[in-house]
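Here is the structure we will look at, set down as structure tokens.
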Amino acid sequence: MPKRSVDEFIAHWSGATASEQSISQQFLCDLCDLLDVPQPGNQRNGSYTFEFHVSEPQHDGSTDAGRIDLYKRACFVLESKKFQAATPQPSQLELAAEKIGATPKGRKSAAPVRDTERWDDAMLKALVQAERYTRALPADEPYPPFVLVVDVGHVIEIRADFSLTGRAYQPFPDPLTYRIRLEQLLDEKIRKRLKLIWTNPPELDPSKRNAEVTREVAKHLAELAKSFEKKHSPKVVAEFLTRCLFCMFAEDVGLLPNADGKKGFTELLNTLPANGDGFETMLRTLFAEMNEGRSQGNDVSVILRRKLLKFNGGLFADNTVLPVNGTQLGILRAAAKLEWQHVEPAIFGTLLERALGGEGERHKLGAHFTPRAYVERLVVPTVVEPLRAEWENV
């Protein structure tokens, strides 16, 4: 059969009505063709195969045989289901005809109807089953970074654990977009993400991108701090830069948009002349408004021209702004353009350390921060895994 286009794939599989067992493997084979990745083999315990056999240990010491719907070593465990599509509500005429026996009553399916509470519960149970399978893999099989739950012809749910412990699978890339609906395969970025899960999962590890962006930020901060400290104390410099960095992070997560819905802090920097004139007045006004959450009795920011939340915690209680020259403004603009949602929060700790430490004891900016992996090494086994075990029992 020739390879289907994206539109043909969606049209064909969105209308599929056969049972899970009869069409699951064909759906996954077609998906592989769509993603331009190799087809699974059919050997029972190969490294990339349907129906991979595992033995699940039981509390009494016995084992139960299980089969992973699709397994690829060092990539994913995939659990496949096929649930019932929602049916249109019957009209009043159809209900009346059924009531008097003019039409036969429809038989209700026991399968959960998609996009209902029962369906969410069924998808969660499928996830728990897939996670059990990851822990039942043979000792010579590494824990895969991904667990996929598929409702054939409807959605693909993605969860990831880049710590490779098999115990901390979380929605990927985030809780809002981990569920890919069939029509979203029209998006090339979505298809690329799925292809990497099949071919190169480590490429999707956000910590790699986080480290890359954080190093870039640290470089910009070091340049700025060095130039500012020629005229100001390290404490004043660190506190000012912390406020600027917080604004860059806040705008990237949607907390500082301007009237057009764009990144407010970056747009403010871009409105200034190249020599930095007006920088102090503009930022002092912004910091004061962020501290209060309003301006002159109004909740609409004068400078951003839209509603502004109050940023409590005291960071903006001091609205000191250091004057900048053209070079310093350029570095701030370059830093603001980076993807701040990928910056390690520990960079703020680096600035705090810089503000509190003595001149001779301070580390170079960006050279000392606690990597995410070190934090997860402590937090995952002591906090996350016990909580997840409790939830799984529930």
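Read the figures in this text as sums done on the coordinates, not as results from a lab. A quick note: this is a predicted structure, and the numbers were derived from the prediction, not measured. Reconstructed Cβ throughout: ideal geometry from the backbone, glycine too, with neighbour counts over all protein chains shown.
Beyond 31 Å between alpha-carbons counts as too far, so tell me which of K192/K337; K226/K337; K192/K310 fall in that bin.
K192/K310
Pop the C-beta distance of E390 and T271 into the FRET formula with R0 = 51 Å and round what comes out to the nearest 0.05.
About 0.50, to the nearest 0.05.
So what's the projected area for the range 182-329, the Cα convex hull averaged over all directions, in nm²?
With every direction weighted equally, the projected area is 11.9 nm².
Please give the contour-minus-distance gain from T63 to V128: 0.36 nm per residue of separation, less the Cα-Cα distance, rounded to one decimal in nm.
Contour length minus the Cα-Cα distance gives 21.6 nm.
So for the pair S14, C29, with labels modelled 7 Å out along Cα→Cβ, what separation do we get in nm?
According to this spin-label approximation, the distance is 2.5 nm.
If R0 is 45 Å, what FRET efficiency do you get for V380 and D115 from their C-beta distance, rounded to 0.05?
In this case the efficiency is close to 0.90.
Normalised by the residues of the range 155-226, what does the relative contact order come to in percent, with Cα pairs under 8 Å and at least six apart?
22 percent
List the residues whose amide H sits under 5 Å from the amide H of S80, counting only those 5 or more places along or on another chain, with H placed 1.01 Å from N in the peptide plane.
Those qualifying (amide H under 5 Å, at least 5 residues apart or on another chain) are D69, V150.
How long, wide and thick is the range 188-257, going by the Cα atoms along their three principal axes, in whole angstroms, largest first?
Largest to smallest, the principal-axis extents are 53, 26, 15 Å.
If Lys and Arg each add +1 and Asp and Glu each add -1, what is the summed charge of the other residues whose beta carbon sits under 13 Å from the beta carbon of F146?
-1
For E344, what residues show an amide H to amide H distance below 5 Å, using hydrogens built from the backbone and excluding near sequence neighbours?
Residues meeting the amide H criterion: T214.
Roughly how many nanometres apart are two label points built 7 Å out from the Cα toward the Cβ at S5 and L315?
It is 4.8 nm.
Would you kindly derive the ³J(HN,Hα) couplings of the range 126-139 from the backbone phi angles with the Karplus curve 6.51 cos²θ - 1.76 cosθ + 1.60 (θ = phi - 60°), listing them in order in whole Hz, with x for Gly and Pro?
Karplus values, whole Hz, x for Gly and Pro: 5, 5, 4, 4, 4, 5, 4, 5, 4, 7, 9, 4, x, 4.
I want to check the label-to-label distance for E212 and K262. Put each point 7 Å from Cα in the C-beta direction and report it in nm to one decimal.
2.5 nm
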